[in-house]
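All of the numbers you see were taken from the coordinates with simple rules; none came from a lab. Because the structure is predicted, anything quoted here is derived from the model rather than measured. All Cβ positions, even for glycine, are placed from backbone atoms using ideal geometry, and neighbour counts span all protein chains on display.
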Amino acid sequence: MYFIIFLLFSITITTVGNTYGQNQSMNPIQLQDYSKQFAEFSQFIIIPNALKPGQTYTVYGQVINFLSGEQIANTTISFRIFPPVVDISTPFNTTITDPAGNFKISFKAPSQPSFYYLGAYLTGNKNYYPTDSEPVPFVVFK
């Protein structure tokens, strides 16, 4: 009796072991890319931040490495206005950081008076993960 139980137990372990090995060969472990780093917006301002419809305003900022504090050069920054504005005077713009990680870009204020937020977005590249800035408020008044 004990021999039959031992034999069944051995067959079960062998079968489970083979099934596990087959699953491992069918689904290889995916390698993770740990070479990318995190970035952050160390500065992000709008001048002026109280505007008339269609008035030009300038956005300044800097992007740095989150851990080392080094500036991130030659990376693309995109911008978004919240709430979204469908208006010819507020195109979707992008810019590229300079060698010191700084960027400067001008926009035209939306034609509709309201309270808005502008956010910057680092789209990510081979060295950095994508990241968002804190939204910066501005107001358009009549």
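A compact table of results
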quantity: Of all residues making up segment 107-121, the number that are within 21 Å of the chain's Cα centre (by Cα) and part of a loop (DSSP other than H, G, I, E, B); calculated: 0
quantity: Hits in segment 36-60 (condition: within 14 Å of residue 131 (Cα to Cα) and either loosely packed, with under 13 Cβ neighbours inside 10 Å or touching a residue at least 60 places away in the same chain (Cβ under 8 Å) (or both)); calculated: 36, 37, 38, 39, 40, 41, 44
